[in-house]
Amino acid sequence: MTTSRISGFYNMTLDERRAKLADAAALTPPDLAAWTSGGISAEAADHMIENVVGMHSLPLGIALNFMVNGKDVLVPMTLEEPSVVAGASFMAKLARAGGGYQATTTDPLMIGQMQVINVTNLNEAKLKIYEKKAELLAEADSIDPILKKFGGGARDLEVRIFNDSPIGGFLVVHLIYDVRDAMGANAVNTACERLAPKIEAITGGKVHLRILSNLADRRIARARCTIPVKSLAFDNFSGEQVRDGIIAAYAFAAVDPYRAATHNKGIMNGVDSVVIATGNDWRAIEAGAHAYAVKNGQYTSLSTWGKDSEGNLVGTLEMPMAVGIVGGATKVHPAAQAAVKLMGVKTANELAEIIVSVGLAQNMAALRALATEGIQRGHMSLHARQVAIAAGASGDMVEKVAAQMVAEKVVRIDRAEEILKSL
Ligand code: MEV
């Protein structure tokens, strides 16, 4: 059984941390090597995109203390921003006292869209498509035998009418496809392209676009946590003060899109970093999240914060989560493979459940800081380390220079240079 609690991890060297992970999650030397080297060679990269000239690295950190659905999990996070890994780990520790994160997912249903233009009678064409629904679904279902073998395939067909658009009226056919452990873009796009001639024959129109929708609102991940109010107390803040501060911060995001954008950005700090670590398409996840956040007409918070009957803090997060574990970069990038292995996930839904839990933890970390001491204090010491490195510090000197700048409350490169010289 993996444990996500590793004491002293923060103070270990990189090699010691890797050794701990190897113990905790049965990672092999090649798995760990993928992280040491960044994972792919320039030659492999050259096959991934066009006009490759080199590589671009980001740090990979491990969030500790996470328990999702009763199971400990070590969470790989790839991002450039300080405080995020520490914040998520700390909130996961507080959440453990309330049983960790409870997370669920819907079936992994993606939506493929076909835009049908040049249709004479939209209502008639819509009903004609429904009359042939079984046939169309059977055709779509037969396209990907591997997906079908694993229990996926075409599930439903829906027809929508847009009467008023810059080009007049048109139809949109939605193909609902269970993509199991894939992200699903390939399967869905292929299915839409395959159905297009049949839809044209049925409607007499022309199928124009055939592409999946990133508003994956049939593929939702949900997480909740309960934080015992007592455990929220720190410094001069009582647990009740912190709880009510977080709830008031949430209320701001619930009603004001300007705040909601930032609030959701904090959620995405957690979500994207795991999505990237696992080689998934973070632009798809971003697009889906923000489109979902405005589903009721006004852009709002993806999460909610309130209290239970005993006064404990309760958080929830619900958002689309189109991630896979079997295709694309997840499959070919050894660092992404190691990330999936570290978490021990066997299905895309399990991965989605972890990601949404990390998003909720990250959101809480930001709100807790904002509602109490402000965001800068926590940021300062990590920021100071980056400034120290930029000033030329290395090894032990990084911590020493950073600590002195924090103590002086002056975190600037010129001061870092002076301190470095004096040391
Ligand atoms: C910074 O990357 C994220 C925050 O702005 C999120 C928030 O304001 O809730 C701290």
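The values are calculated or read from the model by the stated rules, or taken from the named source; none is laboratory data. Only a predicted model underlies this, so the values are computations on that prediction, with no experimental measurement involved. As a convention, Cβ positions derive from the backbone with ideal geometry for all residues, glycine included, and neighbour counts pool all protein chains shown. Surface accessibility is based on the protein's heavy atoms, side chains included, excluding ligands, DNA and RNA. Shrake-Rupley method; radii C 1.70, N 1.55, O 1.52, S 1.80 Å.
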Quiz item: Can you give the accessible area per residue of segment 8-122, in Å², using a 1.4 Å probe?
Solution: 50
Quiz item: Counting pairs of Cα atoms in segment 181-239, how many percent are more than 17 Å apart?
Solution: 64
Quiz item: What per residue convex hull volume, in Å³, comes out for segment 110-212 when only alpha-carbon positions are used?
Solution: 79
Practice problem: Please give the residues of segment 316-337, grouped as numeric ranges, whose backbone N is less than 19 Å from a label point set 7 Å along the Cα-to-Cβ vector of residue 254. | Solution: 316-319
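Can you run the Rg to Rh ratio on the chain? Use alpha carbon positions and the Kirkwood inverse-distance Rh. Kindly include the intermediate steps, with their values, before the conclusion.
Values: Rg = 24.3 Å, Rh = 23.6 Å.
Over the Cα atoms of the chain, Rg/Rh equals 1.03.
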Self-check item: Carbon plus sulfur fraction of accessible area for the chain, probe 1.4 Å, in percent
Solution: 54
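Provide the convex hull volume over Cα atoms per residue for segment 35-167, in Å³.
Details: hull volume 36.0 nm³, N = 133.
With only Cα atoms used, segment 35-167 gives 270 Å³ per residue.
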Quiz item: What spacing in nm lies between the two simple spin-label points modelled at residue 43 and residue 15, each 7 Å away from Cα in the Cβ direction?
Solution: 2.9
Exercise. Give me the percent of Cα-Cα pairs in segment 378-422 that sit more than 17 Å apart, rounded to a whole number.
Key: 11
Exercise. May I ask for the distance between the Cα centers of segment 294-340 and segment 368-423, given as a whole number of Å?
Key: 32
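Counting other Cβ atoms within 10 Å of each Cβ, which trypsin sites (Lys or Arg not before Pro) in segment 373-423 have at most 14 and sit in a DSSP loop? Display every interim value, and only then the final one.
Details: sites: 377, 385, 400, 409, 412, 415, 421; in loops: 409, 412.
Passing both the DSSP loop test and the Cβ count: 409, 412.
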Exercise. Starting from the Cα of residue 201, step 7 Å along the direction of its Cβ; do the same at residue 408; then give the gap between the two resulting points in nm.
Key: 7.9
Exercise. Go ahead and run the numbers for FRET between residue 55 and residue 332, Cβ-Cβ distance against an R0 of 22 Å, rounding to 0.05.
Key: 0.90
Practice problem: Could you pull out the pairs from 20/230; 133/265; 149/198; 149/346; 20/148 whose alpha carbons sit more than 28 Å apart here? | Solution: 20/230; 133/265; 20/148
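Two decimals, Cα atoms only, Kirkwood Rh: what is Rg/Rh over segment 307-415?
Numbers: Rg = 19.9 Å, Rh = 17.6 Å.
Computed over Cα atoms, the ratio is 1.13.
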Quiz item: Among all the lysines, which ones have a C-alpha under 24 Å from residue 409's C-alpha, if same-chain residues fewer than 8 places away are not counted?
Solution: 400, 421
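Convex hull over the alpha-carbon atoms of segment 132-186: what's its volume per residue in Å³?
On the way: hull volume 5.3 nm³, N = 55.
Roughly 97 Å³ of hull volume per residue.
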Quiz item: Any idea what angle helix 84-96 forms with the longest principal axis of the chain, computed on alpha-carbon atoms, 0 to 90 degrees, nearest 10?
Solution: 90
